[in-house]
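To start, the structure itself, in structure tokens.
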Amino acid sequence: MNILTFDSNEKLNEAGANIIAGLVQTQPKAVLGLATGGTPVGIYERLVSDFKRGLFSFSQATSFNLDEYVGLDKKHPQSYYAYMHEHLFHHIDLPAERAHIPNGNAPDPQAECERYDRLIADAGQIDLQLLGIGHNGHIGFNEPAHALIRGTHVVDLAEETLKANARFFDSVDEVPKQAITMGVGTILKAKTILLVVRGADKADIVHRALTGPITTDCPASLLQTHPHLVVLLDKEAAGKLS
Ligand code: PGA
């Protein structure tokens, strides 16, 4: 595990963007695992501005997003489809047919999960999986549970997740109660995992996930078993690590 701590958001964003850009420069056909939420926004902004300087291209790359809300139209401003287009896809040259996001509005969600897993399998291994972490230790939308599911599946969102994500909606009641998420088996199969965490409110969960017992009660703790885990933290999120 390689933990890097930054004293400014700007430096953290630069480091995150450089890791992603470095991968597509050396491996143009890279398969990227992408994340949404508040955490990666600054990294995507930096990546877009470096891309616009002509430093690298995504024209041969492929991407898979971690998750999508169930029952939210793609056009809804809080869908992860809308998020990815606003923050990244609209600004870069990644071909639309290779920028994959689960379809949260699929008539048969189970079939959609199977389709998504087939697409990931066909692309081979995910080279770099970008991840945030929930206050309860979720990764993607793999919530704490007695057992975790390997592949893509429909999940009931935890109360804590609904509350945390209510900030993006008019009220907590508007947050979709379910999502389609990549499973932890798929996440852990990525060649490299890039976990990014910001803020004092995440210091406890960072400490628990990276130094506590490996348990499905804290899905992010499974990352301790990954051979190539890179963690980017601001100094607030790193506050409980010695
Ligand atoms: P956040 O979400 O980046 O909006 O804090 C992270 C997560 O829930 O995985």
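The values are calculated or read from the model by the stated rules, or taken from the named source; none is laboratory data. What you are looking at is a predicted structure, and each value in this text was computed from that prediction instead of being measured. Don't worry about glycine lacking a Cβ; one is built from the backbone with ideal geometry, like all the others, and counts go over all protein chains shown. Please note that ligands, DNA and RNA were not included when accessible areas were found on the heavy atoms of the full protein model with its side chains. Shrake-Rupley method; radii C 1.70, N 1.55, O 1.52, S 1.80 Å.
Considering only the stretch 80-132, state which residues are of a type in the set (Val, Ile, Thr) and within 13 Å of Thr36 (Cβ to Cβ).
Our first condition is that a residue be of a type in the set (Val, Ile, Thr); within the stretch 80-132, this holds for 92, 101, 120, 126.
Across the stretch 80-132, the qualifying residue is only Ile101.
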Checklist entry - Pairs under 6 Å by beta carbon, first residue on the phi < 0 side of the Ramachandran plot in the stretch 19-37, partner open to solvent by 10 Å² or more (accessible area, probe 1.4 Å) and within 16 Å of the ligand (Cβ to nearest atom), six or more apart or different chains? => result Ala35/Gly132; Thr36/Tyr80; Thr36/Tyr83
Checklist entry - Hey, among the residues in the stretch 218-237 that are loosely packed, with under 14 Cβ neighbours inside 10 Å and in contact (Cβ under 8 Å) with a residue 24 or more places away in the chain, which one's nearest to Pro40 (Cα to Cα)? => result His228
Checklist entry - Scanning for something open to solvent by less than 70 Å² (accessible area, probe 1.4 Å) and under 27 Å from Gly212 (Cα atoms), does the stretch 109-123 turn up at least one residue? => result no
Checklist entry - Within the stretch 60-73, is even one residue closer than 18 Å to Leu23 by Cβ, touching a residue at least 60 places away in the same chain (Cβ under 8 Å) and aromatic (Phe, Trp, Tyr)? => result yes
Checklist entry - Which one is nearest to the chain's Cα centre (by Cα), of the residues in the stretch 20-33 that are closer than 15 Å to Leu232 by Cβ and among the aliphatic types (A, V, I, L, M)? => result Ile20
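From the list Leu119, Leu128, Leu88, pick out the single residue that is of a type outside the set (Gly, Ala, Ser), modelled with pLDDT of 95 or more, in contact with a Gly (Cβ under 8 Å, 6 or more places away or on another chain) and on the phi < 0 side of the Ramachandran plot. Give the steps one after another, and end with the answer.
Numbers: Leu119 fails: in contact with a Gly (Cβ under 8 Å, 6 or more places away or on another chain); Leu88 fails: in contact with a Gly (Cβ under 8 Å, 6 or more places away or on another chain).
Sole residue among the options that is of a type outside the set (Gly, Ala, Ser), modelled with pLDDT of 95 or more, in contact with a Gly (Cβ under 8 Å, 6 or more places away or on another chain) and on the phi < 0 side of the Ramachandran plot: Leu128.
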